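This is the structure, below, for whatever I ask next.
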Amino acid sequence: MNNDPFGQEYDLIEPEPERALFPIDFEVFLRQHKDSFFRIALGRLRDPRDADEALQDASLIMYKKWEPILAHPNPIALAHKILSNSITDFYRRNARRGARERSLAERPDTFYLPEDLMWLRPTDRLDRALEALRQIAPLQAECWEMHHRDELPYAEIAIRLGITEGAAKTNASRGKTKLKALLRELPDTEKGDS
């Protein structure tokens, strides 16, 4: 028996605000978020070609799983998780293949000048500290990277990771503190035995 003769009970349910903004078409979604996803991949992989390959792998997985992504309570968080897993898989795949090793007979496509290598030293140290932070506290590392490297606001980070805005701020702050401590602990690569 229906206790609500005017059907007002059904009017109280509203769609989630995020769902209204989330595109149903995969192409529209990818166009909207491609630059952001690429910045994230580039921040972790450093080489634009590697970042592009990892993003292509992630995009293919997202396309194949588009219906479950749409059905997820936080679709952008699931898409971000797929991208993060794709970047990790890219690292593993290259480690297995030994893609970073070159024979002496092979000529690299770009030659680095000593000035270029000197310029890369601070980022190398930061990369090592970030990798250590990812091992210790992956959520803190992700929040710190998204806020400081990708310049995303905390509200956007919260949506992408499926956490509250306060949790995003807290994790980014704690990540910054741990990252500073890790940078102090790392040996200085600028001082050599030469």
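Rounded to a whole number, what % of the accessible area of the stretch 122-169 do carbon and sulfur atoms account for, probe 1.4 Å?
58
Another question, then. Beyond 26 Å between alpha-carbons counts as too far, so tell me which of Lys81/Lys169; Lys34/Lys180; Lys34/Lys178; Lys81/Lys176; Lys34/Lys64 fall in that bin.
The pairs that break the limit, which is 26 Å between Cα atoms, are Lys34/Lys180; Lys34/Lys178.
The values are calculated or read from the model by the stated rules, or taken from the named source; none is laboratory data. These figures come from a predicted structure and were not determined experimentally. Ligands, DNA and RNA are stripped out before the accessible areas are found, and what is left, the full protein with its side chains, is counted by its heavy atoms. Shrake-Rupley method; radii C 1.70, N 1.55, O 1.52, S 1.80 Å.
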